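The values are calculated or read from the model by the stated rules, or taken from the named source; none is laboratory data. On a predicted model such as this, the values are computed, not experimentally measured, just so you know. Note that each Cβ is placed from the backbone with ideal geometry, even for glycine, and that neighbours are counted across all protein chains shown.
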């Protein structure tokens, strides 16, 4: 197992040398998205409309940050079970999504889409939300503020640790 450091967004050349179980420290911009946000993105694509973010340059982190306490950038921030997004993920991958972060297994359909389209799925263990919050440089609501934790948040992260699970 090797450790790599990358600045987001990742490109195919960044992904190419990675192997299952490699540790990667990510720095840069990523977007949180959970079930409801995934459904909205898929509905937009199915209507033939353009998404308000470029999936090819987006890292989706399956997460819903809790509200920040006074003086903190954000509250607890940890991965959500990725399989909850599996119904939506193949279409997002077909439309350019290449980098996902979450926890847990993925369906056979998602695994196939990841491999067919040169995408990558990173995992992080659950229960590390307090630790992860120390790696958040900034957090702001990006889309659909009315959804609260289900909204898409834009995070700037520094050396957030992930592991290659599917490539």
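Numbers for the structure displayed
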{"read-out": "Residue match in the range 41-64 (condition: crowded, with 17+ Cβ neighbours inside 10 Å, out of contact with any strand residue (DSSP E or B) (no Cβ under 6 Å at 6 or more places or on another chain), at pLDDT below 95 and farther than 16 Å from residue 91 by Cβ)", "value": "yes"}
{"read-out": "Among (1) at pLDDT 90 or above; (2) closer than 15 Å to residue 30 by Cβ - the single one residue 146 does not satisfy", "value": "(2)"}
{"read-out": "Unmet criterion (only one of (1) under 15 Å from residue 151 (Cα atoms); (2) touching a helix residue (DSSP H, G or I) at 6+ places or on another chain (Cβ under 8 Å); (3) touching a residue at least 60 places away in the same chain (Cβ under 8 Å)) for residue 73", "value": "(1)"}
{"read-out": "The range 1-16 - residue that is farther than 30 Å from residue 66 by Cβ and in contact (Cβ under 8 Å) with a residue 60 or more places away in the chain and, of those, surrounded by the most Cβ atoms within 10 Å (Cβ to Cβ)", "value": "15"}
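Residue-wise test of (1) touching a residue at least 12 places away in the same chain (Cβ under 8 Å); (2) part of a strand (DSSP E or B).
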{"site": "18", "(1), (2)": "yes, no"}
{"site": "28", "(1), (2)": "yes, yes"}
{"site": "39", "(1), (2)": "yes, no"}
{"site": "44", "(1), (2)": "no, no"}
{"site": "66", "(1), (2)": "yes, no"}
